[in-house]
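As structure tokens, the structure follows; a few thoughts come after it.
Each value in this text was obtained by applying a stated rule to the coordinates, not by laboratory testing. If you're wondering where the values come from, they're calculated on a predicted model, not measured in any experiment. Cβ sites come from the backbone with ideal geometry, for glycine too, and all protein chains shown count toward neighbours.
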Amino acid sequence: MFLLASAALACSTVPREHPPAYKSLPIQVRHGAGTVYNLNKEAGEKALHQLARTAKLEDYWIFTNNQWIDIGVNETPDGVNGDYEVFKKFAKGVVTEYHIHPKTDRTIYPPSSSDIIKHVDLKLGLKQHGISLESKVYDGEGEWTYTVSKDIETFLSLKNVKRHDKTFEELFRETVVTATVLFIDSENNPRDQLIQRYIQKVSDFGVYLTYRKLR
Ligand SMILES: [Zn+2]
């Protein structure tokens, strides 16, 4: 009863917040790749952080040569693919790739094993063209960056080599998924603590994550 009363009170007395500002964000989720945004890096990152709070679908962009380019295709609520032809067309010198994990009621939503594998594949491919790669994901609460150790890079490049009937990629995926399940499913843990434990755990496997909380 008390809860009901206070909820009603909250509705009637607290002024409604302004409608979400995502409609006017300078970067939007768009079906298909190729949209170019002339926006500096900081402004674009800020927009993606806000976008992750309201977006219903994942999407994927790069920042390179002072431009933002949408390279996402097949956008779904829990995945997005990249158009690497568009990527190649624009990539110059240093590329930062970004995607969003739309905010849900999951406690934490770090880069997935496929995000990390994609990062490594892309990084190795770009290296031959003298291009360096940085990878980030926004989850509506903050910013994850992700990369891996040299050993993991080598490990994942040995795609067709099998150990116990599994490719290294499959083994790696299982390892990261195990860590995810271990820590995300443990309830009653403060979010910050879960994040720190998760970062610690995957670093034992050579996956290096950072997390920066954003307002
Ligand atoms: Zn992801």
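Summary of values
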| read-out | value |
| --- | --- |
| Amide proton proximity set for Gly79, modelled H, under 5 Å, gap of 5+ | Glu58 |
| ³J(HN,Hα) computed for each position of the stretch 118-131 - Karplus, 6.51 cos²θ - 1.76 cosθ + 1.60, integer Hz, glycine/proline x | 4, 4, 5, 4, 5, 4, 5, x, 6, 3, 5, 9, x, 10 |
| Packing-based ranking, highest mean first, of 62-73, 36-47 given that Cβ atoms within 10 Å are counted | 62-73, 36-47 |
| Order of Val176, Val207 under a 10 Å beta carbon neighbour criterion, fewest first | Val176, Val207 |
| Neighbour-count ranking [beta-carbon atoms within 10 angstrom, fewest first] of Glu174, Glu58 | Glu174, Glu58 |
| Neighbour-count order for Asp139, Asp83, fewest beta carbons within 10 angstrom listed first | Asp83, Asp139 |
| Under 20 Å between alpha carbons - lysine pairs in the stretch 84-125 that sit 8 or more apart or on different chains | 6 |
| ³J(HN,Hα), Karplus 6.51/-1.76/1.60, whole Hz, each residue of the stretch 32-44, x for Gly, Pro | x, 9, x, 5, 10, 10, 8, 8, 6, 4, 5, 5, x |
